[in-house]
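One structure is given below, encoded as structure tokens.
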Amino acid sequence: MTTPEARVKSTLRKLLEDYDGLYTYWPVPFGYGRTTLDVLGCYRGRFFTVETKAAGKKPTLRQMGELENIALAMGKTFIISGADSPVLDDLRCWLDDLTLTVPYAANIPRDPTNRRPI
């Protein structure tokens with residue numbers, strides 16, 4: 001039997017599978033070192049993160065601090081609470097907008113300093 005948060009993560013994984021070239025990292029905390037949020041991702045050169053919660057649940061103070069730090073660094077953040085959260089639509093719209101506005105070519109040489117296409 002899966003947990004309510006696992007169902008949210010499953011829904012999120014299905015959404016993210018629709019985007020070619022999207023990188024995600026789903027860290028598994030072991031209680032050692034610095035912790036982070038549920039999903040770290042990059043799409044078309046734009047960093048984003050997602051914190052998933054069961055419906056009605058909210059991020060902890062530590063998680064809110066991480067979300068704030070990422071937002072201050074100009075990363076995009078999403079909090080998805082529940083498998084039917086409207087934030088899933090917000091994430092899809094954001095990714096779709098990047099698909100339409102940011103060109104993608106895997107063969108473009110990368111600038112060694114900032115790793116973006118030259």
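Bear in mind that the values in this text are calculations on the coordinates, not laboratory data. These figures come from a predicted structure and were not determined experimentally. With ideal geometry, Cβ positions are generated from the backbone for all residues, glycine too; neighbour counts draw on all protein chains shown.
In table form, for the structure just shown:
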{"quantity": "Gain upon complete extension [M64, V28; 0.36 nm per residue less C-alpha separation]", "calculated": "11.1 nm"}
{"quantity": "Label-point gap, in nm, between D96 and R13 - each point 7 angstrom along Cα→Cβ", "calculated": "2.5"}
{"quantity": "Angle in degrees between helix 86-101 and the longest Cα principal axis of the chain, rounded to the nearest 10", "calculated": "0"}
{"quantity": "Among G82, V28, L72 - extreme Cα towards positive end, dipole of the chain, charges at beta-carbon", "calculated": "V28"}
{"quantity": "Sites excluded, trypsin sites (Lys or Arg not before Pro) in DSSP loops with at most 13 other C-beta within 10 Å, longest stretch of the chain", "calculated": "35-114"}
